[in-house]
Each structure stands twice: as C-alpha cells, then as structure tokens.
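Structure, as structure tokens:
The values are calculated or read from the model by the stated rules, or taken from the named source; none is laboratory data. These numbers come from a predicted model, not from an experiment. Please note: Cβ atoms are built from the backbone with ideal geometry, for glycine as well, and neighbour counts cover all protein chains shown.
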Amino acid sequence: VPVTSYIYTPLNQLKGGTVVNVYGVVKFFKPPYLSKGTDYCSVVTIVDQTNVKLTCLLFSGNYESLPIIYKIGDIVRFHRLKIQVYKNEPQGINCAGFASLTFEGTLGAPVIPRTSSKGFNFTPADHKMVEALRVWASTHISPSSALVQLCDVQPMQYFDLTCQLLGKAEVDGTSFLLKVWDGTRTPFPSWRVLIQDQVLEGDPSQIQRLQNLTIDILVYDNHVQVAKYLKVGSFLRLYSLHTKLQSVNSENQASVLSLEFHLHGGTSYGRGIRVLSEGNSDVDQLKNDGNSRSRLVPKPEA
C-alpha cells in the first residue's frame with residue numbers, strides 16, 4: 001500500500017480559511033479540561049523554525065483524542081488543522097479528520113509518537129522533521145522551569161509536579177483528595193486532609209509505609225472530574241500546583257508547621273492534571289528516585 005505523503009506548511013505561511021498540516025514545538029498549553037458544554041478543550045501554542053507562533057483551540061467529546069502533551073518543549077504534528085483569523089492573527093482549530101502525534105522534545109530521546117489514533121503514517125521524513133525541531137528548540141525554547149521535586153518545594157509557590165498516585169478520595173462535591181509521592185521528602189511535613197478511611201481508594205499498608213514521603217493534594221472544581229477517573233499507581237503531572245504554609249496550634253507544644261497543597265479551579269497558567277505514559281523519560285527518572293527510597297507501587301491494571 002503506498003504511503004500517503006503529506007505536505008507541511010511553515011507557520012509563517014498560514015492563511016485564514018485553509019486546512020493544513022503543521023509541525024511545531026509546544027510553547028504553552030492547557031491540559032484538556034471540560035468546557036462549558038460536554039466537550040473537552042485544550043489550548044496549545046506552537047512555534048517552528050520561522051519563529052512564528054500559532055495558538056490552537058482544540059475541542060473533542062473524547063479526552064483521549066486531544067494532543068497528549070506533557071510539557072513545554074514537546075513536539076507536535078497536527079494533520080487537518082483549520083486556520084481561521086482571530087483578532088488579525090491566525091488561529092488553529094480542529095475540524096473533521098483532525099489527528100495529532102506528540103513527541104518528546106529532548107535531544108537524544110527515542111522518537112516515539114504519543115497518540116490515541118489506531119493507525120497513522122510516520123515516515124523517515126517525519127523522523128527527520130522531529131529531530132530538526134529538537135535541535136532548533138534546544139537553543140530557542142526555554143525548558144519549563146516550573147518542574148520541581150517535593151524536596152525543593154517552598155511555601156507560597158506555584159509549580160509543576162511529576163508524581164505517582166498512591167490513593168484518592170472524594171472529600172465533598174467541589175474537592176477531591178490525591179495522595180502522591182515522588183521519592184523525595186518535603187522540607188515541611190505535608191498537611192493531612194481528614195477523610196473517612198472507608199472512602200480512601202488505595203493500599204492502606206503502602207500509604208502507611210510511605211507516609212513520610214506522601215503528600216495530600218486537594219484539587220477543586222473542574223479538576224475533580226479528571227481526578228475521579230485517575231487510577232491508583234498511575235504516574236501524573238500536575239500543573240500549577242500551589243503550596244501554603246499551615247500553622248497548627250496543639251495543646252502541649254508550639255505550633256506545628258505543615259505544607260498545604262492545592263490545585264485550584266480553572267485553567268489559568270495551564271493549570272491541570274495529565275496522566276504520563278510508561279516509558280516517558282520523566283517517569284523513568286521518577287522510578288529511579290522512588291526505587292532509591294522504596295519500591296514504587298505497581299502500575300495500574302489496564
């Protein structure tokens with residue numbers, strides 16, 4: 001079967017009213033979130049070697065069919081992207097047949113496409129395109145400096161966290177508890193969110209064993225819907241997580257300081273949650289850190 005050859009349009013040559021195929025490096029993104037209707041929405045801004053940016057507004061009834069982006073610097077390939085003009089600037093929107101592939105942007109990392117599509121073309125020319133963008137991005141795109149390990153977390157900070165989910169529980173209608181760890185220890189003890197034991201999903205003995213390395217995160221509003229479907233054992237990236245210092249007065253001793261972790265509602269600054277796939281370099285790093293402390297919990301059943 002002959003392979004369809006696709007033509008890719010540089011971002012400085014886009015015209016309103018056309019449907020194009022493009023490659024680009026992710027400069028900003030919002031993980032998929034529920035829009036006001038029943039669709040999920042994702043916002044992605046990409047740039048290529050022409051140094052022109054394109055913001056894409058992508059909608060789908062299926063969370064999985066939106067681009068699987070983990071961080072700034074990832075490389076995307078979009079097929080059948082419709083270009084419209086918004087405030088005198090080109091903007092990309094998905095139309096019938098839209099498809100995406102995402103690649104790690106790190107130089108030297110394996111070129112493995114992330115996609116929910118069952119079938120897609122990926123040729124040696126595509127491989128070259130990804131490698132060329134990686135080389136260009138290495139000197140033109142600042143890697144996300146927001147990624148922080150728990151051992152380096154400070155109070156009143158917004159940061160991104162790569163972690164593994166150990167337990168979860170519904171707290172009330174507007175908030176949800178995630179118990180996570182990343183193999184390192186916070187400078188202050190994590191706060192503990194009070195819940196009934198029977199509502200906690202996860203292995204109690206595992207959580208008990210790792211209690212000094214585990215933090216409690218409360219997620220709110222639109223993130224609750226995503227949190228409900230997370231599988232215990234999965235690897236996550238949380239974007240724009242917020243820390244606060246909590247002072248607890250106890251009867252017999254001076255006040256005890258602990259760290260609160262909040263993922264506030266809304267999607268400003270790309271706030272959200274994403275499940276990371278096995279084999280991702282950040283997951284491998286997390287496993288190494290975790291294994292040096294304690295064996296990571298098994299990955300979730302498929």
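The set of residues from the range 133-149 being at pLDDT 90 or above, surrounded by 14 or more Cβ atoms within 10 Å (Cβ to Cβ) and either under 16 Å from residue 4 (Cβ atoms) or of a type in the set (A, V, I, L, M) (or both) comprises 133, 137, 148.
Hey, could you check the range 42-52 for residues that are in contact (Cβ under 8 Å) with a residue 24 or more places away in the chain and either among the polar types (S, T, N, Q) or crowded, with 17+ Cβ neighbours inside 10 Å (or both) and say which is farthest from residue 14 (Cα to Cα)? Taking the candidates together, the pick is 42.
Residue 179: of a type in the set (Lys, Arg), within 15 Å of residue 273 (Cβ to Cβ) and assigned to a strand (DSSP E or B), yes or no? Judged against the criteria, residue 179 is a match. Of the listed requirements (1) among the hydrophobic types (A, V, I, L, M, F, W, C); (2) modelled with pLDDT of 95 or more; (3) farther than 30 Å from residue 279 by Cα, residue 188 misses just one: (2). If the condition is being crowded, with 16+ Cβ neighbours inside 10 Å and in contact with a helix residue (DSSP H, G or I) (Cβ under 7 Å, 6 or more places away or on another chain), then the range 86-110 contributes 103, 104, 105, 106.
Considering only residues of the range 242-285 that are aliphatic (A, V, I, L, M) and within 15 Å of the chain's Cα centre (by Cα), which is modelled with the lowest pLDDT? If we take residues in the range 242-285 being aliphatic (A, V, I, L, M) and within 15 Å of the chain's Cα centre (by Cα), then 283 is modelled with the lowest pLDDT.
Here is the figure for the range 229-264: residues that are closer than 18 Å to residue 216 by Cβ, among the small types (Gly, Ala, Ser) and assigned to a loop (DSSP other than H, G, I, E, B) total 2.
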